[in-house]
1. Could you tell me what percent of the accessible area of the range 187-248 is made up of carbon and sulfur, with a 1.4 Å probe and every protein chain present?
2. Can you pull out the chymotrypsin sites (Phe, Trp or Tyr not before Pro) in the range 382-490 that DSSP calls coil and that have at most 14 other Cβ atoms within 10 Å?
3. Once fully extended, how much extra length lies between Val153 and Trp241, figured as 0.36 nm per residue of separation less the alpha-carbon to alpha-carbon distance?
4. Quickly work out the Val330-to-Gln316 label distance, labels modelled 7 Å from Cα along the C-beta direction, and quote it in nm with one decimal.
5. Kindly report the accessible area of the range 356-465 per residue (heavy atoms of protein chains, probe 1.4 Å, no ligands, DNA or RNA), in Å².
6. When you count, for each residue, the other Cβ atoms within 10 Å and take the mean per peptide, how do 162-172, 143-153 rank with the highest first?
7. I need the shape label for the range 181-340. Rule: rounded when a/c is under 1.5, else prolate if a/b > b/c, else oblate, with a, b, c from the alpha carbon gyration tensor.
8. Mind checking the range 404-490 for trypsin sites (Lys or Arg not before Pro) that DSSP puts in a loop (not H, G, I, E or B) and that have at most 15 other Cβ atoms within 10 Å?
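The values are calculated or read from the model by the stated rules, or taken from the named source; none is laboratory data. Quick caveat, the model's predicted, so the values are computed rather than measured. Because the Cβ atoms are built from the backbone with ideal geometry, glycine has one as well, and the counts that use them run over all protein chains shown. Just the protein is used for accessible areas: all its heavy atoms, side chains included, with ligands, DNA and RNA removed. Shrake-Rupley method; radii C 1.70, N 1.55, O 1.52, S 1.80 Å.
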Amino acid sequence: MNVVAMKSVGAPARVDLYQSANAEIERLFLRCCQTNANQSPKWAEAGIAGCQLTPHGQGGGAVLFEDVMAVQVAILVEMIMDRGMDSGEEHRREILVGERAVKRRQAVRGPAMLSQGFRPFFLLAGIWAPLSMGLFVAMYQGHIALPTAFDAVVWHYHEMLFGYVAAVLAGFALTAIPNWTGRLPLQGAPLLGLVLLWLAGRVAVAISALIGPWAAAAVDVLFLAALAAVFVREIVAGQNWRNLPLVVAVVLFFLSNVFIHYEALGLIDSGGRAQKFPIAIIIVLIALIGGRIIPSFSRNWLAKRTGAHLPTSFGQFDRLALAVTLVALVWWAAAPLGPVTGGLAALAAALNLIRLARWQGLATGTEPLLWVMHLGYLWIPVGLVLLALASWLPGVPHSIGVHALTVGAIGTMTLAVMSRATLGHTGQPLQAGVGLTLAYLLVTAAVVLRIAALLWGGLFTPLVLAAAVAWIAAFLFYLGACGPVLVKRH
């Protein structure tokens with residue numbers, strides 16, 4: 001196994017890949033680097049033009065590597081990103097790349113599903129999204145009755161957030177964190193343990209009327225507690241402090257789940273706050289992580305097109321938009337609807353819309369893997385505008401903004417990230433194909449139909465049923481396209 005020596009001198013940084021790196025490492029490096037940065041002529045001199053690195057402090061992450069088949073490349077790139085890309089200091093690093101990573105990955109003799117975190121959790125999310133929706137529709141229509149202590153609507157809300165979204169969050173983070181920290185991924189039995197905790201939570205909530213709500217709550221909250229513990233261990237061990245916000249978000253998400261169970265037990269009456277806070281947490285995460293990956297992927301795709309305008313790099317405006325979005329969503333979750341809530345939501349909507357426009361989304365219209373991310377992010381300002389209108393105008397239902405944020409922003413963005421990461425991390429061509437393109441169109445139809453049902457009350461039931469069918473079909477297409485590659489090795 002080769003040793004790669006890396007040296008960065010001053011700012012802008014210079015990276016020299018010495019002759020001791022073999023051709024395979026260089027090929028994978030060229031294939032995997034998909035991060036966002038201003039291109040420097042030094043890259044062309046090094047013979048690796050097009051491999052753009054994120055400047056120090058501006059992000060990076062697992063889904064920015066289109067192929068993590070070679071963990072050594074991820075570690076190599078992360079060292080470059082985190083060790084003096086723009087610090088003005090001289091650095092020289094020599095890293096033994098890949099030897100331990102390869103040995104550990106080869107030691108996993110069980111199913112391919114347990115080799116990386118995205119495999120089991122993206123598959124489970126893809127199964128649970130349509131299955132739980134189908135169960136909810138059947139419960140709502142009175143065809144079945146699950147032995148749960150929750151009513152049908154609360155069960156649906158809980159399982160979409162703490163079942164589906166929690167699985168996507170786990171799959172994303174368990175794949176991203178090794179690249180952020182340079183540590184090896186969670187594999188084998190520990191990963192299986194997390195999967196079993198997630199499954200136990202779904203069963204416990206579904207039969208909570210039989211086993212008792214206290215027992216169901218105790219089982220259900222274990223998954224997010226264990227996930228947060230894993231994140232803390234990895235980030236602290238890797239000293240990757242700039243990604244601590246992810247740990248904070250998971251802890252807050254865990255506490256939100258606890259409060260929802262408390263409310264179901266009759267211990268508290270949050271006045272709807274327990275339901276709004278987890279939505280706010282996930283939307284802030286999408287604004288944060290989406291601000292890394294959407295312009296990054298768009299930049300790398302547009303850079304290959306002559307004369308294309310590239311997305312604006314992360315800067316002070318993005319920080320302002322994130323800060324205002326955080327304040328607006330926390331205020332919405334904590335305070336009743338009113339002029340202040342509406343004003344903050346409208347301001348956050350405007351800033352996010354400007355932010356999205358700076359990422360050149362219209363220029364990506366021919367690439368479904370890209371435009372779906374821009375479309376998913378668009379639902380954030382749309383949802384915030386609808387929340388503002390609901391705060392100002394009594395005739396506008398509050399739930400219209402909630403569904404724009406949940407079905408629209410959360411549903412679309414999670415589907416987009418799962419599909420792109422699945423293709424890239426399993427060595428598949430980064431092409432949506434007919435199946436995934438239909439999935440993106442159907443999830444968009446689902447949110448439009450769900451909002452329409454709230455606007456045209458006379459057609460509420462048929463439109464809600466049509467939205468549910470579109471949602472279920474979207475994830476069935478995702479499973480058809482990505483399910484087989486999630487369960488098999490390269």
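1. Working: 2120 of 2640 Å².
So the carbon and sulfur contribution to the accessible surface is 80 percent.
2. Details: sites: Trp392, Tyr440, Trp456, Phe460, Trp471, Phe475, Phe477, Tyr478; in loops: Trp456.
Passing sites in the range 382-490 are Trp456.
3. Numbers: separation 88, 0.36 × 88 = 31.68 nm, distance 3.85 nm.
Answer, rounded to one decimal: 27.8 nm.
4. For the pair Gln316/Val330, the computed spacing is 2.2 nm.
5. Working: 3910 Å² over 110 residues.
Roughly 36 Å² per residue, with all protein chains present.
6. Values: 162-172: 25.4, 143-153: 15.0.
The peptides rank, most packed first, as 162-172, 143-153.
7. Numbers: a/c = 2.45, a/b = 1.40, b/c = 1.75.
Oblate.
8. Details: sites: Arg420, Arg450, Lys488, Arg489; in loops: Lys488, Arg489.
Answer by residue number: Lys488, Arg489.
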